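The values are calculated or read from the model by the stated rules, or taken from the named source; none is laboratory data. Since the model is a prediction, treat every value here as computed from it, not as a measurement. Glycine also receives a Cβ, built like all others from the backbone with ideal geometry; neighbour counts cover every protein chain displayed. Just so you know, the surface numbers come from the protein's heavy atoms only, side chains and all, with ligands and any DNA or RNA stripped out. Shrake-Rupley method; radii C 1.70, N 1.55, O 1.52, S 1.80 Å.
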Amino acid sequence: MTDKEEVTAAGDNPEMILTGKKSGKALLLDSGEDFDMLDDDEIDDDPPPLEDAGGGKKTKKEPAEDQDASPSSLVDEWMDILGNGQLRKKVLRAGNGPDSRPTKGQNVVIHLKTSLADGTLIEEQPELSFTLGDGDVIQALDLTVQLMEMGEKALVQADAKYAYGALGSLAPEVLPSADLALEVQLLDATEAPDLELLSPQERVALAGQKRERGNVYYQRGDYAFAVNSYGFALQITESSSKVDISPEEEEELMDIKVKCLNNMAAAQLKLDHYEAALRSCVSVLAHQPDNIKALFRKGKVLALQGEYADAIRNLKMALKLEPSNKVVPHSLILVMKETRWTADSSFWWI
């Protein structure tokens, strides 16, 4: 690849293609491969999904309560949000009533103090803004802020599973499998902007943020959340506009759309959502017929579905566009072996 914005995922052995069975279907580069890459972000490993991260219920040392908390709020019971003891919320200062709670899709602003379970402060963010329910932040925040009243201050105890999981985080610096204590105050909630009224550059920036969040989820092995974030980015790029847009700006939005579709296809393949991955690849190729990654992934999906002739055709097209690629030939040969093709067949006459 010559595109500097496209980087390679952690290499899995291409020889894994069609060597095992999964749900009655052959495995095709099931864990990803050198050619399975995401735009802008390097995939360093193939980690377990966040939902598999973290351990069982842990004993936590509760941090000191907020100094401003009223005596009545201090005796409030902890709310077990998910019923599993791994995400709990306690009101430190009451808000403006249940009717003031934000709803999914609104843009919220919170004051956030992130600490370890023992009270060690990691980071303080006086005005953290995000779209509620879009997966822009860790699950602990997305799930608890929608239960808060405007002006409310709350303490949240989050198992690592709903924070940064088994991998931890570099920014903020959180060790793997670390439980967190979050002090949250809901400052503001407003309706999300009308996409049709956003300027082209605002749409580009917003779609780019959602795509980057999707890439983070993909890196962490949380492919369902990655698909979700890419979906939000696509909605932004595909929205109609009541604002004048130049051809250059349209091209910029299209570039983000194609990257999202390509990355979404990669995540859908990880989830074994083959029909959805195929649709994503077809959408990419409708805009960019020579997109090598889309051709390659489409070939993978078709092989998994038993459409070997079409799979070989797409893989051959990818190889023709990039003869120096080392993964495509391996994949192509192995698919051909599965269908009893021989090396002296039309494979070499591209």
Discussion item. Condition check: more than 29 Å from Ala311 (Cα to Cα), within 19 Å of the chain's Cα centre (by Cα) and part of a helix (DSSP H, G or I). Does Ile236 satisfy that?
Written reply: yes
Worksheet entry | Scan of the range 91-108 for residues that are surrounded by 19 or more Cβ atoms within 10 Å (Cβ to Cβ) and either free of Cβ contacts under 8 Å to residues at least 40 places away in the same chain or part of a strand (DSSP E or B) (or both), ordered by number | Val91, Leu92, Val108
Practice prompt. Determine whether the range 129-146 contains at least one residue that is surrounded by 21 or more Cβ atoms within 10 Å (Cβ to Cβ), of a type in the set (Asp, Glu), touching a helix residue (DSSP H, G or I) at 6+ places or on another chain (Cβ under 9 Å) and not in a helix (DSSP H, G or I).
Written response: no
Response to the item:
Scanning the range 321-347 for residues that are assigned to a helix (DSSP H, G or I), open to solvent by 40 Å² or more (accessible area, probe 1.4 Å) and not small (Gly, Ala, Ser), the one modelled with the highest pLDDT turns out to be Leu321
Worksheet item: Conditions: (1) open to solvent by 50 Å² or more (accessible area, probe 1.4 Å); (2) in contact (Cβ under 8 Å) with a residue 40 or more places away in the chain. Leu121 meets all but one. Number of the miss?
Response: (2)
